[in-house]
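Student: Structure provided below as structure tokens; questions to follow.
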Amino acid sequence: MSTMGRMTRRPTHPGIIIKEDYLTPLSITIKDMAATLCVSRKTLSKIINERGVITPDMALRLSRAFDTTPDFWLNLQKNFDLWHAETGSTEWRKVKPFSYKMLHHRSSSLG
């Protein structure tokens with residue numbers, strides 16, 4: 001685990017989950033799945049090839065098609081994105097955290 005408690009291995013992109021857990025075992029083509037989702041073949045292909053992302057709209061479509069939840073798909077995407085942000089750059093580590101005392105100080109003007 002890293003300092004933020006994130007995964008140390010690269011999370012699986014949601015497109016791989018779609019391909020390996022749904023399309024391949026169910027013998028569904030990208031073209032047919034795209035038609036079922038009411039999206040273009042290009043849009044679905046980008047996701048499956050890890051060049052596209054799961055948007056909230058796509059999460060709703062996938063959850064309806066596969067009897068899952070939108071949160072399932074959005075969490076897969078979030079974990080993938082956070083891992084890449086954390087491991088792909090160190091710029092975020094330059095941020096100086098505010099002190100606990102400063103963050104939890106109760107000011108009379110706040111309430």
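Student: Using Cα springs under 10 Å in a Gaussian network model of the chain, which residue among 53, 39, 95 shows the largest mean-square fluctuation?
Tutor: Answer for the Gaussian network model of the chain: 95.
Student: Any idea how many Lys pairs in the chain come in under 23 angstrom at the alpha carbon, given 8 or more places apart or on separate chains?
Tutor: 9
Student: Once you list every other residue whose beta carbon is under 10 Å from the beta carbon of residue 30, what net charge do they have if Lys and Arg are +1 and Asp and Glu are -1?
Tutor: Counting the neighbours of residue 30, the net charge comes to +3.
Student: Given springs between every Cα pair under 10 Å in a Gaussian network model of the chain, which of 52, 88, 15 has the largest fluctuation?
Tutor: Most flexible of the set in this elastic network: 88.
Student: Still on this model: With springs connecting C-alpha atoms under 10 Å apart, model the chain as a Gaussian network and identify which of 99, 89, 63 has the largest mean-square fluctuation.
Tutor: Of 99, 89, 63, the Gaussian network model singles out 99 as fluctuating most.
Student: Could you tell me the largest-minus-smallest coordinate of the C-alpha atoms of the chain on each of the three principal axes, in descending order and whole angstroms?
Tutor: Over the chain, Cα extents along the principal axes are 60, 33, 21 Å.
Bear in mind these aren't lab numbers, they're just calculated from the coordinates by the rules spelled out. These numbers were taken from a predicted model, which means no experiment stands behind them. Glycine also receives a Cβ, built like all others from the backbone with ideal geometry; neighbour counts cover every protein chain displayed.
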